[in-house]
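Everything on this sheet refers to the single structure shown next.
The numbers here are math on the coordinates, done by the rules we state, and not lab data. Since we're looking at a predicted model, the values are computed, not measured. Neighbour counts run over all protein chains shown; Cβ positions are idealised from the backbone, glycine included.
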């Protein structure tokens with residue numbers, strides 16, 4: 001089963017996603033965040049403390065299938081950070097990202113996710129993916145922000161199409177939309 005959980009920042013989507021596995025011991029948490037400052041380090045510590053200590057953690061943004069083991073349940077949190085990490089790894093210090101490069105970035109991100117989903121499905125495992133809904137707020141006032149929003153929106157659509165279930169979480173309340 002492939003489940004996508006989306007929502008805004010602090011909507012409760014990660015808590016909902018983790019609760020889908022609340023009675024499972026064979027869970028691998030695929031963490032896509034990177035520590036780049038003290039705040040992010042603290043956020044990661046709090047996130048780790050909120051989930052069961054017996055869940056195995058895999059940290060990374062590339063070769064996501066390397067996270068797979070004997071466990072049957074996987075939770076990737078989150079696609080949004082994976083997108084920004086891969087986008088900035090590819091673009092480095094560029095101030096302008098043309099459509100050809102945007103397509104390359106999107107295809108690389110989608111390739112990582114679709115490869116993981118395919119192997120999960122082939123093995124009969126379960127995967128919950130968490131992502132931010134980026135289309136409900138203001139249009140970013142800068143080029144990089146708009147490029148990120150556009151890529152993330154298209155990635156969300158493509159992953160939702162591969163998912164059997166999709167939930168939108170708002171104010172801690174999940175609504176099944178697929």
With springs only between Cα atoms under 10 Å apart, run a GNM on the chain and tell me which of 64, 138, 82 wobbles the most.
138
Between segment 112-128 and segment 1-30, what is the C-alpha centre distance in whole Å?
15 Å
Given (1) 1.30; (2) 0.95; (3) 0.99, the label whose value is Rg/Rh (Cα atoms, Kirkwood Rh) derived from this model
(2)
Would you work out if segment 97-138 is rounded, prolate or oblate? Take a ≥ b ≥ c from the square roots of the eigenvalues of the alpha-carbon gyration tensor; rounded if a/c is under 1.5, else prolate when a/b is larger than b/c, oblate otherwise.
oblate
R0 of 25 Å, Cβ-Cβ distance residue 114-residue 70: FRET efficiency to nearest 0.05:
0.65
State, to one decimal in nm, how far the label point of residue 121 lies from the label point of residue 162, with both points 7 Å from Cα in the Cβ direction.
0.8 nm
Length-normalised contact order of the chain, Cα under 8 Å, at least 6 apart, in percent, tallies to 40 percent
What helix-only [θ] at 222 nm does the chain give? Using -39500 (n - 2.57) per DSSP H run of at least 4, over all residues, to the nearest 500, the answer is -14500 deg cm²/dmol
Rounded, prolate or oblate: which fits segment 79-178 when a ≥ b ≥ c are the square roots of the eigenvalues of the alpha-carbon gyration tensor, with rounded for a/c under 1.5 and prolate only if a/b beats b/c?
oblate
A correct fewest-to-most ranking of 71, 106 by other Cβ atoms within 10 Å would be 71, 106
Inter-probe distance in nm under a simple model that places probes 7 Å from Cα toward Cβ, at residue 93 and residue 53
4.4 nm
Once the Cβ-Cβ distance between residue 173 and residue 1 is put in as r, and R0 is 22 Å, what FRET efficiency do you end up with, to the nearest 0.05?
0.55
